[in-house]
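Since every read-out is calculated from the coordinates, none of them should be taken as a lab result. Not measured: the values here are computed from a predicted model. Here the Cβ positions follow ideal geometry from the backbone for every residue, glycine too, while neighbour counts run over all protein chains shown.
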Amino acid sequence: MSITLIIIVVTVIISVAAWNNYSLMNRWIMNPYQVASRGQYYRLITSGFLHADWGHLFFNMLSLYFFGGFIEQVFTMLFEGSGGPYLIGFYLVAILVSDIPSFLKHRNDPGYNSLGASGGVSAVIFAAILFRPLTPIYLYFIPIGIPGFIFGALYLAYSYYESRRGAGNVNHDAHFYGALFGVVFMIIVYPEVLPSFFEQIAGWRLF
């Protein structure tokens, strides 16, 4: 079994367990106030394995399934066969990094909670887009595929706008900063990906 599938299975098990155990959900959810006041920094990671409902869980894990395997292969190529451990490290650090802005913003708000793998999943998706910017990405409400680099630009713009607007229950900061982490990490560990990215999109034509 690939590391990507193992992450998915573990996430599903923990999410379902937390739905049936309020104490587990309460201990592991990302509550910035608890992190700051009680030093419960583990929540910055454990919250990435919790989800609000089946729809939330399904969308994140389906996205991870489609893109995680490719990034696992990339890491295997870059790190001499050690793709699995590097994917785990990359994914966990992405969840951590994507939660930090929310922690800083809401550390004095006892009522704020956040959960979900979106930060880590966004990092994986955007890392994949760097390597394959022309690969179409399909959304359930759009019948045609959108080239990855266009989807990525729209996703970042939307996440940034919604984060500044501060409405709704979605943690857009986690989406935005998780995506940025994925891009920056890949450029640091494999700088050649950047000129390749621009070379590919330079040859793209709408028609």
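Could you tell me which GluC sites (Glu not before Pro) in region 158-207 are loop residues by DSSP with no more than 15 other beta carbons within 10 angstrom of their beta carbon?
E192
Rounded to the nearest whole Å³, what is the per residue volume of the convex hull around the Cα atoms of region 3-202? Can you show the working numbers first?
Working: hull volume 23.7 nm³, N = 200.
Convex hull of Cα atoms, per residue: 118 Å³.
How would Y22, Y155, Y160 line up from fewest to most surrounding beta-carbon atoms within 10 angstrom?
Working: Y22 9, Y155 20, Y160 14.
In increasing order of surrounding Cβ atoms, one gets Y22, Y160, Y155.
Using a Gaussian network model of the chain whose springs link C-alpha atoms within less than 10 Å, name the residue from L62, L180, L96 with the highest mean-square fluctuation.
Of L62, L180, L96, the most mobile in the Gaussian network model is L62.
What ranking of S15, S122 emerges when the number of other C-beta atoms within 10 Å of each C-beta is taken as an exposure proxy, fewest first? Don't jump to the answer; show the numbers that get you there.
Numbers: S15 23, S122 30.
So the residues, fewest neighbours to most, are S15, S122.
Under the 0.36 nm per residue contour assumption, what length would be gained going from the current alpha-carbon distance of A153 and V16 to full extension? Please report the intermediate quantities before stating the final value.
Values: separation 137, 0.36 × 137 = 49.32 nm, distance 3.31 nm.
Value of the extension gain: 46.0 nm.
Determine the relative contact order of the chain: mean sequence separation of Cα pairs under 8 Å and six or more apart, normalised by residue count, in whole percent. Present the calculation step by step, with values, prior to reporting the outcome.
Details: 289 pairs, mean separation 46.8, N = 207.
Contact order relative to length: 23 percent.
Which one of W19, L78, L64 is farthest out on the positive end of the charge dipole of the chain, using unit charges on Cβ (Lys, Arg +1; Asp, Glu -1) and the Cα centre as origin?
Of the candidates, W19 comes out farthest on the positive side.
Multiply the residue separation of T76 and K105 by 0.36 nm, subtract the distance between their alpha-carbon atoms, and state the gained length in nm to one decimal. List each step's numbers first, then the result.
Working: separation 29, 0.36 × 29 = 10.44 nm, distance 3.64 nm.
My answer for the length gained is 6.8 nm.
Among V193, S159, A36, pick out the residue whose Cα is farthest towards the positive end of the charge dipole of the chain, where Lys and Arg carry +1 and Asp and Glu carry -1 on C-beta, about the Cα centre.
A36
Taking the Cβ of each residue in F58, F181, F49 as the centre, tally the other Cβ atoms inside 10 Å and list the residues starting with the fewest.
Starting with the residue having the fewest Cβ neighbours, the order is F58, F49, F181.
For E192 and Y138 in the same chain, what is the full-extension length gain: residue separation times 0.36 nm, less their Cα-Cα distance, in nm?
On the way: separation 54, 0.36 × 54 = 19.44 nm, distance 2.69 nm.
Length gained, E192 through Y138: 16.7 nm.
Which whole-number percent of Cα pairs in region 164-207 have a distance greater than 16 Å? Show your work: numbers first, answer last.
Working: 545 of 946 pairs.
That fraction is 58 percent.
Counting other Cβ atoms within 10 Å of each Cβ, which trypsin sites (Lys or Arg not before Pro) in region 95-196 have at most 16 and sit in a DSSP loop?
Details: sites: K105, R107, R164, R165; in loops: R107.
When the trypsin sites (Lys or Arg not before Pro) of region 95-196 are filtered for loop state and at most 16 Cβ neighbours within 10 Å, R107 remain.
Could you list which residues have their amide H under 5 Å from that of I137, counting only those 5 or more apart in sequence or on another chain, with H placed in the peptide plane?
I146, G148
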